[in-house]
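Before any comments, here is the structure.
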Ligand SMILES: *Cc1c(COP(=O)(O)O)cnc(C)c1O
C-alpha cells in the first residue's frame, strides 16, 4: 500500500478519498487475516485529466493504470517521469511497440499473438517486458482474457518467449451484484494460479491483479494482491466504455 504524503489543505479531495480507500483496504485485510503490506494499489486514471493525476501523484501515488495507448502517450508527456504506468486494457497488436519499455507492467496479455509481438518488440529494443496473463474467469462474452481451460496450454507457449516475463494473473470480476458469483470468479483466478505454480515452477506467479471499485474488498478476501481502482478515488467517469 502506498504511504500518503502530509495533508494538503489546497487539494484535499483526492487525498481524502485515497485515505478512505486505504482504510477500507486495511479493514478487508484485517477481516481476512492478511497484511495490508501485501496489497499493491494501481490508480486507474483512464479518462482522468492530467491535473487530477498530478494531484494523486503529490499525495504519494506512483502507480497509475491506463487502458488506451493514445490517451496514455499524450498524458505521459505532461506528467512526472517516475510514474510507474500499468497497461490494464485490451492491447491491439500494432500498439504493443509503444508499451514495451514504457510501462512497468502490462496486466492484460490475453492471447498468444500479443505475447509474440511483445517478444519481438522487446527483442528489437533490447529489453524485457513484464506482463500478467488475463483470464476471463466469469465467462462473460464481452470480456477479454483466456478461458480457464486454455490457460495452461497458452502459458506453456508464452514461456518460450525469453523477453516476456510472466508475473501472475489478472481478471475482471463479473458484472453483477451477486456476491457469490464475484467471489467465485476471483477464487477461480487463485486456483488457476496454484495450478500454474505447480506446472511452471520457474515462473514467478506473484500477482493476482483483481478487484475494482465495486468489488475490491471481496477481491482482497479472495487473495488479491494488486487492486485496480479508478472511480473510488477519481469519481465517476463520463464516457461509457468497454
Ligand atoms: C476501468 C478499469 C478499472 C477501474 O474500474 P473502477 O470501477 O473505476 O475502479 C480496473 N480495471 C480495468 C481493466 C479497467 O478497465
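What follows is calculated from the coordinates using simple rules that are stated; it is not laboratory data. What you see is a predicted model, and the numbers here were worked out from it, not measured in a lab. Note that each Cβ is placed from the backbone with ideal geometry, even for glycine, and that neighbours are counted across all protein chains shown.
Per the Debye calculation on the range 155-240 with a single equal scatterer at every Cα and no solvent contribution, log₁₀ I(q)/I(0) for q = 0.11, 0.19, 0.23 Å⁻¹ amounts to -0.36, -0.86, -1.06.
What is the extension gain from residue 236 to residue 124, computed as 0.36 nm multiplied by their sequence separation minus the C-alpha to C-alpha distance, in nm to one decimal? Could the numbers behind the result be given before it?
On the way: separation 112, 0.36 × 112 = 40.32 nm, distance 3.93 nm.
Computed gain between residue 236 and residue 124 is 36.4 nm.
Taking other C-beta atoms within 10 angstrom as a stand-in for reagent exposure, 186, 161 fall in the order 161, 186, fewest first. Label zone (residue 199, point 7 Å along Cα-to-C-beta; backbone nitrogen cut-off 13 Å) within the range 103-147: 146-147.
Is the range 35-95 rounded, prolate or oblate when judged by the Cα gyration tensor, a ≥ b ≥ c being the square roots of its eigenvalues, rounded requiring a/c under 1.5 and prolate requiring a/b larger than b/c? Note, shape of the range 35-95 comes out oblate. Normalised by residue count, the range 30-153 yields a Cα convex hull volume of 154 Å³ per residue. Only helices enter this figure: runs of n ≥ 4 DSSP H residues, each worth -39500 (n - 2.57), summed and divided by the residues of the chain, yield -11500 deg cm²/dmol at 222 nm to the nearest 500.
Ratio of Rg to Rh for the chain, alpha carbon only, Kirkwood?
On the way: Rg = 17.4 Å, Rh = 18.3 Å.
Taking Rh as the inverse mean 1/r over Cα pairs, Rg/Rh reads 0.95.
Between residue 153 and residue 112, the simple label model (points 7 Å from Cα in the Cβ direction) yields a spacing of 0.8 nm.
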